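Accompanying notes for the structure given below.
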Amino acid sequence: MIEIELIENAFAAVTPYVRERHADKAGMEISSKDHATDLLTEVDLEVQRRVAAMITEAFPHDLIVAEEEGRTRYPDDPNARAWLIDPIDGTQNFVRSLLPEFGISIAFAQDGLLVAGGVSFPITGDVFLAGRGAGALHNGCTTRVSDVRSLTTARVEIDFGGPSIRQRTLDRAGSILLHTGQFRCHCAAVLGLCSVASGDSDAYVHVALSPWDYAAGLLLAEEAGGRSSDFHGNPIHLFRENDGILVSNGHLHDELLAHINTK
Ligand code: IPD
Ligand code: CA
Ligand code: CA
């Protein structure tokens with residue numbers, strides 16, 4: 001699929017730059033956005049510009065929805081060909097982390113449906129790619145979700161996000177936290193979602209993600225055999241508000257929904 005090739009080429013083009021900048025952060029321009037811990041670096045901006053330029057060169061009429069530079073507006077026509085870019089997901093980890101867990105996320109949607117997506121982890125060199133109906137690849141090999149069927153042995157990623165959604169996260173995910181074998185919170189949606197796709201994790205929960213955060217990762221997890229829904233079990237709508245995002249290996253989905261909806 002030509003869109004997947006473009007995603008792969010974009011990763012190859014920007015990854016060396018991101019690795020270089022991560023290795024030498026002295027003097028890097030860093031500012032904050034909505035709140036003090038919501039960061040923006042010059043690398044986020046440069047990656048987004050480079051990826052968007054490659055997309056526009058290949059598909060001049062396609063829409064681009066991206067996290068930075070005021071490109072967050074959803075398409076007026078939900079059926080348009082649209083790309084979703086998160087230039088650095090996990091910017092906090094990019095700026096400050098012993099184990100730098102961040103990734104570049106690019107997805108392509110048509111008729112509001114995810115068609116292609118990829119996530120690159122520049123530091124480890126891991127690349128995940130998926131096409132609808134074509135399965136998911138991790139470094140060129142087919143990847144599948146886990147077969148874990150019991151919450152007591154499961155590993156669930158509960159992504160607590162920024163301060164404004166902490167209480168909501170506790171309210172909705174508190175029961176999961178208490179009933180799950182292990183949990184993680186890496187604060188990089190791409191990592192949580194790709195971990196479900198690779199079978200390293202059994203589910204990922206977030207109360208309020210934006211489409212550029214989850215688009216590629218959600219397709220990857222689905223194509224790896226997983227299931228996704230909002231907190232009521234309804235399908236995720238890419239360009240509408242969703243009440244939460246739950247992505248799982250499928251086996252644990254209904255049980256996790258029951259916990260989320262525990263009063
Ligand atoms: C953030 C990460 C984090 C999630 C936040 C996102 P950013 O994206 O995906 O895991 O909890 O809601 O905003 O700001 O690092 O691109
Ligand atoms: Ca993000
Ligand atoms: Ca980002």
Query - Any hit, region 219-227, residues being at pLDDT 95 or above and surrounded by fewer than 22 Cβ atoms within 10 Å (Cβ to Cβ) - result: yes
Report task. Those residues that are over 21 Å from Met54 (Cβ atoms), touching a residue at least 12 places away in the same chain (Cβ under 8 Å) and either part of a loop (DSSP other than H, G, I, E, B) or open to solvent by less than 20 Å² (accessible area, probe 1.4 Å) (or both), I need them from region 95-131; list them, please. Result -> Pro100, Glu101, Asp111, Gly112, Ile123
Query - Filter result (more than 21 Å from Cys185 (Cα to Cα) and assigned to a loop (DSSP other than H, G, I, E, B)) within region 206-241 - result: Ala224, Gly225, His232, Gly233, Asn234, Pro235, Ile236, His237, Leu238, Phe239, Arg240, Glu241
Query - So Leu193, is it over 14 Å from Gly131 (Cα atoms) and outside any strand (DSSP E or B) - result: yes
Report summary line: Taking region 132-169 and the residues there that are of a type in the set (Ser, Thr, Tyr) and under 27 Å from Thr37 (Cα atoms), the one that is least open to solvent (accessible area, probe 1.4 Å) would be Thr169
Requested in this report: Filter region 170-186 down to residues that are open to solvent by less than 70 Å² (accessible area, probe 1.4 Å) and free of Cβ contacts under 8 Å to residues at least 24 places away in the same chain and give me whichever is nearest to His35 (Cα to Cα).
Outcome: Gly174
Requested in this report: Identify, from the list Gln92, Gln48, the residue that is buried (at least 23 other Cβ atoms within 10 Å of the Cβ), assigned to a helix (DSSP H, G or I) and within 12 Å of ligand 3 (Cβ to nearest atom).
Outcome: Gln48
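The values are calculated or read from the model by the stated rules, or taken from the named source; none is laboratory data. Given the structure is predicted, the values throughout are model-derived calculations rather than measurements. Glycine also receives a Cβ, built like all others from the backbone with ideal geometry; neighbour counts cover every protein chain displayed. Quick note on the areas: whole protein, heavy atoms, side chains included, nothing else; ligands and nucleic acids left out. Shrake-Rupley method; radii C 1.70, N 1.55, O 1.52, S 1.80 Å.
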